[in-house]
């Protein structure tokens, strides 16, 4: 008797209904999240801003103290960092005692000043390693941008690899990149090598997260997907709370990078034990291999063998073809898929209503990611203890995953996201009224903003998927995700470059942008308890309250 896909689908569902191995698999696919957040947030410690001043070799050779050198050479004295130095004859000053030199410079005419090309530092890190200060400050931000760019590229590349060659193969490549790129970053002899290693770490993080989540959802039963989908993100706050403990005891940046990289060797277990997704195997017409995976991981293999005894080869009854998952021969080539995606995107922009929805979603996703990452990196601008800041941010992140659940039950998607945006924006803007010296208060208010902006992530994904018809839904979510990556790319530059001008600028920019996003989202229609539309025509048949409009801002 020829096999049916209905029987194979039933067997896969039975395997995913429970058992110890389901939790083992969950731990395997979710645990790389710890490494992901480590390398994403380690910039707070690796790239911390260091007090710096222009190097004066003549005075250093004369064994002057750093405070004495700064007081003589820096226009700002010892009170602030300096990118310029006075044009004194330092060879002459080095022959004098400090008091004599100070008296001489105090009575001499203004010598002029010029931008220096080498610096001395208080402390060590990648900033002192490659002189990432003054006009080179954007290069410091690029170190973090490399990870964000890697996450963007990883989502594109490993998504294609996972669909084309399998979830496990894509996950395996990601794990190998993690194991290799981390130590390369730790021992990088040059700045560019370090940036490329960080890029690879970002790609590996995106690959392990996305492929792991896909593998989990395609293997477990429907009844477990909601719970495990929420718990899947929990390694992130756990990793954030562990990171400052590691950084507290390892001050050298290379050793810290190595300490965060060596544990990735455990990913060899993931490569060895994790199976291929049986649903993907079915989609490729490889039904015998799918059955072998089901048998391998079934707790009740005898029962399943009885129900699946008909699955002995790769053939399928012709009568079941209408129910079959797509096989490899039916898969469009990659360039045809790209063209199809572009056509869907153009179709969205061709419709005025969908265009308004998409532009609002694009802005909201971009602002959300920008604010989330800017707050994660902003410890120095808040003059907070970076160890406490990162640990508290991790605890807040854990709460932000749970916060939307009761809110979504009590209110709709739009109301929940708007409340979270407004509270976050108001909190960040209120920092302007807090004196700079009240660092604990500033950090507490910033954490409130981070709590809300972290919580809105899960809401906006759900809301975006419900705002668009089935024929355009994946395109809308995919392009919105792309916009979020653009937001994360801008975050380190906002924090480092604009934050150097005034400590409150990054939080002010984020607060204003988040508040604007909340007001725009308020114009969207509510989607709670609404039937999902399959076509654009169905979307347009709905009433005026189901359109983007200023009238949605009024509850009456």
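The values are calculated or read from the model by the stated rules, or taken from the named source; none is laboratory data. Note that the structure is predicted; figures quoted are calculated from it, not measured. Heads up, the Cβs are rebuilt from the backbone with ideal geometry, glycines too, and the neighbour counts pull from every protein chain shown.
For segment 354-386, a residue qualifies if it is over 24 Å from residue 419 (Cα atoms) and out of contact with any helix residue (DSSP H, G or I) (no Cβ under 6 Å at 6 or more places or on another chain), and the qualifying residues are 380, 385. Applying the selection to segment 121-138, what residues are closer than 18 Å to residue 67 by Cβ and surrounded by fewer than 17 Cβ atoms within 10 Å (Cβ to Cβ)? If the condition is that a residue be closer than 18 Å to residue 67 by Cβ and surrounded by fewer than 17 Cβ atoms within 10 Å (Cβ to Cβ), then 122, 123 are the ones that fit.
Condition check ((1) within 12 Å of residue 371 (Cα to Cα); (2) surrounded by fewer than 19 Cβ atoms within 10 Å (Cβ to Cβ); (3) in contact (Cβ under 8 Å) with a residue 12 or more places away in the chain) across all residues:
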site: 418; (1), (2), (3): no, no, yes
site: 431; (1), (2), (3): no, no, yes
site: 435; (1), (2), (3): no, yes, no
site: 446; (1), (2), (3): yes, no, yes
site: 452; (1), (2), (3): yes, no, yes
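Looking only at residues of segment 497-522 that are at pLDDT below 90 and outside any helix (DSSP H, G or I), we find that the one that is surrounded by the fewest Cβ atoms within 10 Å (Cβ to Cβ) is 502. The one condition from (1) in contact with a helix residue (DSSP H, G or I) (Cβ under 6 Å, 6 or more places away or on another chain); (2) over 24 Å from residue 37 (Cα atoms) that residue 411 does not meet is (1). Only one of the listed residues (129, 67) is more than 30 Å from residue 210 (Cβ to Cβ), without any contact (Cβ under 8 Å) to a residue 24 or more places away in the chain and not in a loop (DSSP other than H, G, I, E, B). That residue is 67. Being assigned to a helix (DSSP H, G or I), in the same structural domain as residue 377 (by TED's automatic domain parsing), buried (at least 17 other Cβ atoms within 10 Å of the Cβ) and at pLDDT below 90 is a condition met by at least one residue of segment 485-496.
Does residue 379 meet the test of being buried (at least 22 other Cβ atoms within 10 Å of the Cβ) and not in a helix (DSSP H, G or I)? Before you say what the answer is, go through the steps one by one.
On the way: buried (at least 22 other Cβ atoms within 10 Å of the Cβ): yes; not in a helix (DSSP H, G or I): yes.
So residue 379 fits the description; yes.
Scan segment 458-479 and tell me whether some residue there is assigned by TED's automatic domain parsing to the domain that holds residue 358 and either in contact with a strand residue (DSSP E or B) (Cβ under 7 Å, 6 or more places away or on another chain) or not in a helix (DSSP H, G or I) (or both). Outline the logic, then answer.
Initially, segment 458-479 is screened for residues assigned by TED's automatic domain parsing to the domain that holds residue 358, giving 458-479.
Next, only the ones that are either in contact with a strand residue (DSSP E or B) (Cβ under 7 Å, 6 or more places away or on another chain) or not in a helix (DSSP H, G or I) (or both) stay: 468-469.
Yes, there is a match, as at least one residue in segment 458-479 is assigned by TED's automatic domain parsing to the domain that holds residue 358 and either in contact with a strand residue (DSSP E or B) (Cβ under 7 Å, 6 or more places away or on another chain) or not in a helix (DSSP H, G or I) (or both).
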